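Student: Can you keep this structure in mind? I'll have questions shortly.
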Amino acid sequence: MRKFRRLGTMVTLCTLVATMMAVFSSPAHAATNPYSRFSACSNEFGGSWSDTSDGHRTLSTPSGAKGGDVYLLYNSATGYNCVVTIKTAYVGAPSFTNAGLLVDDGTGWHDDSGDFGYYAAVQWYARGKCVQYDGMIASPGGSPDTIAFGNRYTWGNCG
């Protein structure tokens, strides 16, 4: 009888450990990002930022898992755009994160990229110009199938 009780206890313990490992390693239970798109742009560049039309893309992996969001914001007082990539996966863990902005002014792409825990943000003067934007987030290991990306590679938000 003791053998069966001990076996039952071991099965219960193993089930509990497996459940806890699944819960704590699951992206669904990842930390919440303390930064919003507005606070990230303000934190990096100051000022007051507002949403733009067609200024949001969800960053997804090839398998469809969400890694974060990329936003295009505008500061009407300064004429600058801010592109910010906000992580929703791997929050707090340094991993490759990129925010990119292309302004139709001949200066090429402007990027902020590196191993960041929460977001990447870039700004560039764009009053009266059209823009494109993109964002990318990789897992801490950088496996190609865990790279989440999104973009708008058409000119927009002109003016």
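The values are calculated or read from the model by the stated rules, or taken from the named source; none is laboratory data. As the structure is a prediction and not an experimental result, all values here were calculated from the model. Don't worry about glycine lacking a Cβ; one is built from the backbone with ideal geometry, like all the others, and counts go over all protein chains shown. Note: accessible area is taken over every heavy atom of the protein model, side chains too, but ligands, DNA and RNA are not part of it. Shrake-Rupley method; radii C 1.70, N 1.55, O 1.52, S 1.80 Å.
Student: Do you know which residues across the stretch 86-113 are touching a residue at least 24 places away in the same chain (Cβ under 8 Å), more than 17 Å from Trp155 (Cβ to Cβ), out of contact with any helix residue (DSSP H, G or I) (no Cβ under 9 Å at 6 or more places or on another chain) and not small (Gly, Ala, Ser)?
Tutor: Within the stretch 86-113, Lys87, Val91, Pro94, Phe96, Thr97, Asn98 qualify.
Student: Here's another thing I want to ask about it. What number of residues within the stretch 45-95 satisfy the criterion of being closer than 21 Å to Ser139 by Cβ and assigned to a strand (DSSP E or B)?
Tutor: Selection size over the stretch 45-95: 14.
Student: Among (1) of a type in the set (Lys, Arg); (2) at pLDDT 95 or above; (3) open to solvent by 50 Å² or more (accessible area, probe 1.4 Å), where does Arg5 come up short?
Tutor: Against the list (1) of a type in the set (Lys, Arg); (2) at pLDDT 95 or above; (3) open to solvent by 50 Å² or more (accessible area, probe 1.4 Å), Arg5 comes up short only on (2).
Student: Select from the stretch 55-82 the residues that are open to solvent by 40 Å² or more (accessible area, probe 1.4 Å), free of Cβ contacts under 8 Å to residues at least 60 places away in the same chain, closer than 14 Å to Tyr125 by Cβ and not polar (S, T, N, Q) and list them in ascending order.
Tutor: Listed by number, the residues that qualify are Ala77, Tyr80.
Student: Taking the residues in the stretch 112-128 that are open to solvent by 80 Å² or more (accessible area, probe 1.4 Å) and within 21 Å of Ser76 (Cα to Cα) as candidates, determine which candidate is nearest to the chain's Cα centre (by Cα).
Tutor: If we filter the stretch 112-128 for residues that are open to solvent by 80 Å² or more (accessible area, probe 1.4 Å), which is where we start, we get 115, 118, 124-125, 127.
Filter again for within 21 Å of Ser76 (Cα to Cα), leaving 124-125, 127.
Values: Trp124: 20, Tyr125: 23, Arg127: 26 Å.
The selected residue is Trp124.
Student: On the basis of being surrounded by fewer than 20 Cβ atoms within 10 Å (Cβ to Cβ) and at pLDDT below 95, does Thr88 make the cut?
Tutor: So Thr88 does not fit the description; no.
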